[in-house]
Amino acid sequence: VAEMASYGRDVFVEMEEKEGLPIGWHQTGSLGIARSAASAEAMMQNYMQGSYQDHPHRVIEDWEEIKKIHPFLANPRGDFVVGVYSHDNGIVNPADATMALAKRAKAVGATILENTGVKTFTMSDDKRHVKSAITVHGEEIFCGNVVLCASAWTRKLAKEIGEFAPLAYAPHQYTIFDKIPGVTNELPVTREYNHHFYMKPEVGAFMLGVFEAQPIPHTEDFILERSKTGEVPVTAANEVYEENFDKFGPHFEGAMEVFPCLQECGIHRTLHGPDVHSPDHGFVMGPLFSVDNAYIASGFNSQGIQTGPGVGLAMAEWIVDGYPMTFKNHFQDLNVGRFNPDILKKDDWVTYRALECYGGTYKPHFPREQDESVRGLALKSPFYDATVQKGGIFGEAFGYERPLYFDPSYKKPEGFQNEWEELTPHPSKAPTPPHSCFAFEFKDAAWFPIEKAEAKHCREEVVAFDMSPFGKISVEGSDALKLVQYAVTGQMDKTPGSITYTSFCVPTTGGILGDLTVCRQETEKFYCVLPAADPFVFAKHLRHCQDALGGALDVKLRTCTDEIATLAVMGPKSRRLMKAVFPHVQWDNASFPFGTLQEIELPSESAVKLHALRVSFAGELGWELHIPAGGAMAVYDALFSFAKSKAIDLRDAGMWSLLQSLRIEKGFVHNGHDIHPKITPMEAGLAFTVDWKKGDFAGRAALETRKTSRKRLISFQLSDTEKTPHGHYADIVYRNGQRVGYLTSTGYSHTLDAPIALGFVDLPPEVAKKPKAWLEEGDYEIELLHHGKITRTPARPSFSCLVDPKSARVHGKDGDTGEDDSP
C-alpha cells in the first residue's frame, strides 16, 4: 500500500508540476502520534516496514521537535511517547485529481461513459468468462476483461457473475471547522492513534475524521441491510447521513484536548456518509475466483485517492502480465484470494467483520491477535466439537475456526467473552484467546509456555494436529497425468502410492503461486493437498493449464476439502501408536517409506477406510491421516483410546506450535510469507521442487530466464533470547554492517530455546549461482523493535534448517521409532 501511495504521489506531482494540471497538490507531510506504549510499538512496527521499503520516515522522541512541525498540537497530559514524520506525503483535491486522471486516460484512447449504470452481464456457456456488460439503458458493451471497482455496488455486481466480493458498509464521519489564522496546507496530516482520529488542513481550517473503536451501536439497520443484500440505491452516491456526535464521543473530546485551538472554534460542516471496507480492512484487488476474465479493485476507503494511480498500474499488470511486477512488494495481503469464497457467501460474516476491522483502524494490534465477531459462522472441522470439549482455544484463518492451542484450565466466561461477541450475531461456542494473553514480546505473552509445552511434546512424544482445512483437489481421468505434470514444477510420472512435494507458478512470470503435495493414488488419479488458503487458486490454475493443453482433456477436477478430514499424528512415538491402532499395517521404514501413501482401514465396527500419508510439516516422524468426514471421529477416538491403553501420551496440539515454531525450525515455507508470486522456487530454497528434465510445464519459459537468484531464503537463530522478531518486513537483516534483507516468518524455537526466523538475503551477482558459503560466512545482525526501541541483535545464519538438518527424525532414524517394539 505504501509503495502504491508513493507511486500515486509521484504521478500527482508530475501532473501538477510538469503537465500543469491543477489538482490541488500540496506536500503537507504526515505525522503519527502515539501516547501509550502499545500505540508506540504498533506505530513503530509500521515504521520498520516502511524503512525497509525506503520510505522516508523520521522517528521523533522530542516533543519540542513535534511542536516545530505542527505548532497547533499540544501535549497537556505529558503522555507523548513518540512520533513518526514523513515529509513526502501530501494531499490533492479529489475532484480535480479525478478529472485530470480522466483527461489522461482519454488521451491514450479510453472511453468514459458517465451516468451509465451496469445492470448485469452476459456470460459464456461454461460461466468462465464475462462476454459483455448490459447497462441500465439496455446497451451491450462487449469486453475482453472486466474490473469490478464500483465501491458499494461492487458486491451486487459480483453476484451477477457468480462471485462474492468481500465488501461492506462502514459509515465514516468527519467535521470541518471554521477557519483558523495560521492554518495552511503546509501543516502535516496528523494521526492520533490513541484518540482514534486524523486531522488534516482544509483550506485554512482543520478537518477532523474519527475511526471510532466500536461502530456497531452507531450503525443503523438500513445500512446493515444494504451490506447484507448488496442492494444499494443509485442515490447513495451523494448520500449524507444524520450527524452523530455520540459516535464521535471521547474521540472528539480527545481532539479538543490535543488541538486546543478547536475549543473555541466554530464548526463549519459535519459530513456523515458511506464508506466501504473489507473484512480485514485491507484493499481488495486481483483476479476473482471462478470467472477467468473478471477482476476486482475496491475497498480502498480513505486511501483510494492517494493510491489510485498505483492501483491502476497494478491492475493493468495483473491483466496483461499475470501479476504486478513493477512494484517491489508482493500483493498477497491485498489479493482477493486471501478470502475463502465459501465464507464470503455468508452476508452476515462480511457485514460484521468489516465493521470490526473498521473499528480497529487506529487500534494497536498485537501479534497473533484474533478477529472476534460472527465467529459462529466460520467453517468447522469434523473434529471441532471434540477439540472444543478438550480445551481448544480457537482462532479463525481463511474462514475456518481452528484450535490455536489447548488450555483445559481456561473456561469461556458465561455470557459473552468480548464486546464483539456481544454486539454481533452468531457467537462461537469455542473460546478465543483472551486479550490479556497477547503481548509484543514472546516471553511476555500468556500463550508462550503453552506453545512451548505443545512443541516439546511433539518433539519428544506424540501429538495430533487437526489439519482438516487443508485444501484437497482430486484430478482423475486418462489425461490426469498430462494435466498435473504440466500444472506443477515437479516430476509427477511416478508409481502409484508416491507423494511429491512441489510448487506451481505464474505461467507468465515464473513466480510461485503456491506449494502443494501431490499423491498419485492410482495410475489415473491424483490427490492434491494444499495449504488451506490455496485450493481455489490451484483449481483455477488447473483450468488454465487445461486450456493451455488444448482444453479437450479426459480429466475430472473435484474439490473435496470438506469431504475429507485430516489429522496429523506427529512425534517420535507416532509409529508405536499407529501399530497399536492399525496392527494389520506394516509401519516400518521399508514397508512404509517417507513420501508414500497407503489406503488403510480402521479395524472396528465402523470399518472406516482412510489414506495415511507419510509426510510431515512438523519435521517429525509421523503420518497425516486423510479420513472421510463421516468416519473422522471414529479414527480420532480410536487413536486416543489406544494411546491411553498403551501408556502413550498422545495430546492435541494447536496451530501456533506448528506454524510459529516447529515448521520454522525446519525451514518449511508458508505461502504469503516466505513464498509468493514475486519469488521463484530457486530463491525460496525450493529448487528441488523443479524438474528441468521432465519437459514443459506452466511457467517454465519464464523460470528459464530467472535461474540466477537475486535473493535467497535462509534460516536465522537470534542470539538474544529476550528479543522478539515480528516478520513481514518489520525486521531488517544486516550482513557485515550492510542492509541485505528482511525476515518473513518469525517464531521461537523451543528445541533451541531461542528466537528463530526465515528471511531473504539479497545476493551479489558474483555469488548468485553458489551462495551458500557467502551467506554463512558473514556477521549478521537483525534490526528489530524491543519494547518500542529500535535495536540490533546478533544472529546466526544457516543455509539449511536449524533443527535436524538431515531429517533423521522425519525418516524415523532418531529417538523412539517403535520399529522393534511390540504393540
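The values are calculated or read from the model by the stated rules, or taken from the named source; none is laboratory data. Please read these numbers as outputs of a predicted model, since none were measured by experiment. All Cβ positions, even for glycine, are placed from backbone atoms using ideal geometry, and neighbour counts span all protein chains on display. Just the protein is used for accessible areas: all its heavy atoms, side chains included, with ligands, DNA and RNA removed. Shrake-Rupley method; radii C 1.70, N 1.55, O 1.52, S 1.80 Å.
Points worth noting:
- Residue within segment 337-357 that is touching a Gly at 6+ places or on another chain (Cβ under 8 Å) and either among the polar types (S, T, N, Q) or assigned to a loop (DSSP other than H, G, I, E, B) (or both) present: yes
- Applying the condition of being among the polar types (S, T, N, Q) and open to solvent by 100 Å² or more (accessible area, probe 1.4 Å) to segment 87-137 and asking which residue is nearest to Ala237 (Cα to Cα) yields Asn115.
- Every condition in (1) of a type outside the set (Lys, Arg); (2) more than 21 Å from the chain's Cα centre (by Cα); (3) under 23 Å from Trp447 (Cβ atoms); (4) surrounded by 21 or more Cβ atoms within 10 Å (Cβ to Cβ) is met by Phe617 except one, and the failing one is (2).
- Counting the residues of segment 551-571 that are open to solvent by 10 Å² or more (accessible area, probe 1.4 Å) and not β-branched (Val, Ile, Thr) gives 9.
- Number of residues in segment 478-489 that are open to solvent by less than 10 Å² (accessible area, probe 1.4 Å) and over 21 Å from Gly672 (Cβ atoms) equals 3.
- Taken over segment 389-412, the criterion of being in a loop (DSSP other than H, G, I, E, B) and either of a type in the set (Gly, Ala, Ser) or within 25 Å of the chain's Cα centre (by Cα) (or both) is satisfied by Gly391, Phe398, Gly399, Ser409.
- Single condition Ala316 does not satisfy, out of (1) of a type in the set (A, V, I, L, M); (2) buried (at least 19 other Cβ atoms within 10 Å of the Cβ); (3) out of contact with any Ser or Thr (no Cβ under 9 Å at 6 or more places or on another chain): (2)
- Test result for Tyr174, outside any loop (DSSP other than H, G, I, E, B), open to solvent by 10 Å² or more (accessible area, probe 1.4 Å) and in contact (Cβ under 8 Å) with a residue 12 or more places away in the chain: yes
- Whichever residue in segment 702-729 is of a type in the set (Gly, Ala, Ser) and on the phi < 0 side of the Ramachandran plot and, among such residues, is most open to solvent (accessible area, probe 1.4 Å): Ser719
- Residue satisfying all of: in segment 581-610; surrounded by fewer than 21 Cβ atoms within 10 Å (Cβ to Cβ) and in contact with a Pro (Cβ under 8 Å, 6 or more places away or on another chain); nearest to Asp649 (Cα to Cα) among these: Pro583
- Among the residues of segment 44-86, those that are in a helix (DSSP H, G or I) and not aliphatic (A, V, I, L, M) comprise Gln45, Asn46, Tyr47, Gln49, Gly50, Ser51, Tyr52, Trp63, Glu64, Glu65, Lys67, Lys68.
- Test result for Pro496, crowded, with 19+ Cβ neighbours inside 10 Å and part of a loop (DSSP other than H, G, I, E, B): no
- Scan of segment 92-118 for residues that are touching a residue at least 40 places away in the same chain (Cβ under 8 Å) and outside any loop (DSSP other than H, G, I, E, B), ordered by number: Pro94, Asp96, Ala97, Ala100, Leu101, Lys103, Arg104
- Test result for Val183, of a type in the set (A, V, I, L, M), touching a Pro at 6+ places or on another chain (Cβ under 7 Å) and not in a helix (DSSP H, G or I): yes
- Sole residue being part of a strand (DSSP E or B), open to solvent by 40 Å² or more (accessible area, probe 1.4 Å) and more than 13 Å from Ser709 (Cβ to Cβ), chosen from Ile790, Ile782: Ile790
- Hits in segment 462-495 - residues which are out of contact with any helix residue (DSSP H, G or I) (no Cβ under 9 Å at 6 or more places or on another chain) and over 14 Å from Val555 (Cβ atoms): Lys494, Thr495
- Being part of a helix (DSSP H, G or I) and open to solvent by less than 30 Å² (accessible area, probe 1.4 Å) is true of Ala386.
- Matching option when the condition is on the phi < 0 side of the Ramachandran plot and open to solvent by less than 10 Å² (accessible area, probe 1.4 Å), among Ile60, Ile69: Ile60
- Identity of the residue in segment 138-150, over 19 Å from Gly230 (Cα atoms) and touching a Ser or Thr at 6+ places or on another chain (Cβ under 7 Å), that ends up least open to solvent (accessible area, probe 1.4 Å): Cys143
- Selection count where residues are modelled with pLDDT of 95 or more and either under 17 Å from the mean Cα position of the chain (by Cα) or assigned to a loop (DSSP other than H, G, I, E, B) (or both), scope segment 266-276: 1
- Candidates Phe440, Phe416, Phe504: the one that is open to solvent by 50 Å² or more (accessible area, probe 1.4 Å) and either out of contact with any Lys or Arg (no Cβ under 7 Å at 6 or more places or on another chain) or outside any helix (DSSP H, G or I) (or both) is Phe416.
- A residue that is in contact with a strand residue (DSSP E or B) (Cβ under 9 Å, 6 or more places away or on another chain), buried (at least 21 other Cβ atoms within 10 Å of the Cβ), under 24 Å from Phe121 (Cβ atoms) and at pLDDT 95 or above occurs nowhere in segment 319-333.
- The residues in segment 291-305 that are crowded, with 21+ Cβ neighbours inside 10 Å and more than 19 Å from Ala170 (Cβ to Cβ) can be counted, and the count is 2.
- The residues listed here are Gly699, Gly741; of these, the one that is buried (at least 22 other Cβ atoms within 10 Å of the Cβ), touching a Gly at 6+ places or on another chain (Cβ under 7 Å), under 22 Å from Ser503 (Cα atoms) and in contact (Cβ under 8 Å) with a residue 24 or more places away in the chain is Gly699.
- Taking (1) surrounded by fewer than 16 Cβ atoms within 10 Å (Cβ to Cβ); (2) assigned to a loop (DSSP other than H, G, I, E, B); (3) of a type in the set (Phe, Trp, Tyr) in turn, Phe164 satisfies each apart from (1).
- Taken over segment 233-282, the criterion of being farther than 26 Å from Arg353 by Cβ and open to solvent by less than 20 Å² (accessible area, probe 1.4 Å) is satisfied by Gly254, Ala255, Val258, Phe259, Leu262, Thr270.
- Test: residue in segment 648-656 that is part of a loop (DSSP other than H, G, I, E, B), farther than 29 Å from Ser503 by Cβ and among the acidic types (Asp, Glu): yes
- Filter result for Asn89 (assigned to a loop (DSSP other than H, G, I, E, B) and either farther than 24 Å from Gln306 by Cα or in contact with a helix residue (DSSP H, G or I) (Cβ under 6 Å, 6 or more places away or on another chain) (or both)): no
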